[in-house]
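What follows draws every value from the coordinates through simple rules; no lab data is involved. Because the structure is predicted, anything quoted here is derived from the model rather than measured. Here the Cβ is made from the backbone with ideal geometry for all residues, glycine too, and neighbour counts use every protein chain on show.
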Amino acid sequence: MKPIGIFDSGLGGLCALKELRALMPGTDLIYFGDTGRTPYGTRSAETIMKYANQDARFLMSQNVCAVLIACGTVSTVALNALKLTLPVPVYGVVSAASVEAAKTTKNGKIGVTGTGATIGSGVFEHELKLINGDFEVHSVACPLLVPIVEYGFAGDEIAYLAVKKYLEPLTDKGVDTVILGCTHFPILKKMMEKAAPGVTFIDSGAAAARKIASEFCDGDGEGTVHCYVSDTPSNFNKTAGVFLGKDFDFDVKRIDIEAY
Ligand code: DGL
C-alpha cells in the first residue's frame, strides 16, 4: 500500500500521527508540519487555503494514497476544497470528533475549543447540529494555548490558569463533553481534566486517525515514518518530544513548501 499523508500547521498533528502509527504499524506514514509558517489559526481564510493547497500538493508529490488534515484550523476552512481537488480520499478532524462527542455526551451539552479561525468558522457547531439538532453547543476560541504547547509550557502553572480561564464559560453552561478542536490541545488534556473535573475531552486528531484506521487495511511488516518540516529540523526535534514522547526516532527533513 502507498503511504498515508498527514499534515498540520506545525506539530499538533503529531498526536494524530502517534495514534495512526499505533493503529496501523504496518503502514508507511508521511508527515508534513509547516513549522516555518505556524500558526495558521490567526490567519485569514485565503491564507489558510493557500497554505493548505501547498501542504496537500507536497504530500501528493510523495505519492500518498490518502490525506489526513491533522489540523482543526485547516479542517474547518479547507476540507471541502481539498476533497474536491485531490485525487485521493481526504479526512479532516471535524466529523470524526463530532461523532465521538455525540456518542459520549449524556446531557446533550457539548463544548468546542479551537483556534480563532476554527471557532469563527462555526463548522463544529454545524456538524454537531446535523448529528442531533437538540444538542446545545458552546464554543470558545483558545488562542493562547497553541504557543503554550509549542514553547513547552504544557505542564506549568501558566497552562493551568489559561486552561481554567478558557474552560470556565463552557463548564458554567454545564457541558459534559468538550471537543479539542485544535490538534495541539491533547497535550493539555491532563490540565483540562484537572480544571474541569467530570468533563470528557475528545481528541479530534486521534478520532480522525481512528476513522482512517477503520477504513484502510494495515500493511504487513514494519511501516516507515518520514517527517518533513518547513523550518529547521533541530527546532522540530526539540518540540516533537512533547507530542511523541521521548522515544521517537523518525527521519526529519526540511523542504521548501513555497515550491509546491
Ligand atoms: N494545529 C492547529 C489546529 O489544530 C493549531 C495551530 C495553528 O494555529 O496553526 O488548529
Quick calc, the chain, dipole around Cα centre from Cβ unit charges on Lys, Arg (+) and Asp, Glu (-), nearest 20 debye, gives 280
Expressed in µm² per second, the diffusion coefficient of the chain from the Stokes-Einstein equation, with Rh the Kirkwood radius over alpha carbon pairs, at 20 °C and 1.002 mPa s, is 118
Rounded to the nearest 500, the 222 nm mean residue ellipticity computed for the chain from DSSP H runs (n ≥ 4, each -39500 (n - 2.57)) alone is -14000 deg cm²/dmol
Treating only Lys and Arg (+1) and Asp and Glu (-1) as charged, each at its beta carbon, one finds that segment 60-153 has a dipole about its Cα centre, in Debye to the nearest 20, of 120
Expressed as a whole-number percentage, the relative contact order of segment 44-139 with C-alpha contacts under 8 angstrom and at least six residues apart is 26
Placing each pseudo-label 7 Å from Cα in the direction of the beta carbon, His226 and Val99 end up separated by a distance in nanometres of 3.0
Plugging the Cβ-Cβ distance of Met49 and Asn237 into 1/(1 + (r/R0)^6) at R0 = 35 Å yields, to the nearest 0.05, a FRET efficiency of 0.75
The farthest towards the positive end of the charge dipole of the chain, of the residues Thr224, Tyr151, Tyr31, given +1 on Cβ of Lys and Arg and -1 on Cβ of Asp and Glu, is Tyr151
Which of Ala22, Ala162, Ala101 fluctuates most in a GNM of the chain (C-alpha springs under 10 Å)? That residue is Ala22
Using alpha-carbon positions, the gyration tensor of segment 61-191 gives root eigenvalues a ≥ b ≥ c; with a/c under 1.5 called rounded, otherwise prolate if a/b exceeds b/c, else oblate, the class is oblate
Listed residues Pro197, Pro147, Pro233; largest mean-square fluctuation, Gaussian network over the chain with Cα springs below 10 Å, found at Pro197
For Lys253, the aspartates and glutamates lying under 17 Å Cα to Cα, once residues fewer than eight places off in the same chain are dropped, come out as Asp8, Asp28, Asp34, Asp55, Asp231
Any lysines whose Cα falls less than 23 Å from that of Lys106, other than same-chain ones fewer than 8 residues away, would be Lys129, Lys164, Lys173, Lys189, Lys190, Lys194, Lys211
By Cβ neighbour count within 10 Å, fewest first, Asp55, Asp176 rank Asp176, Asp55
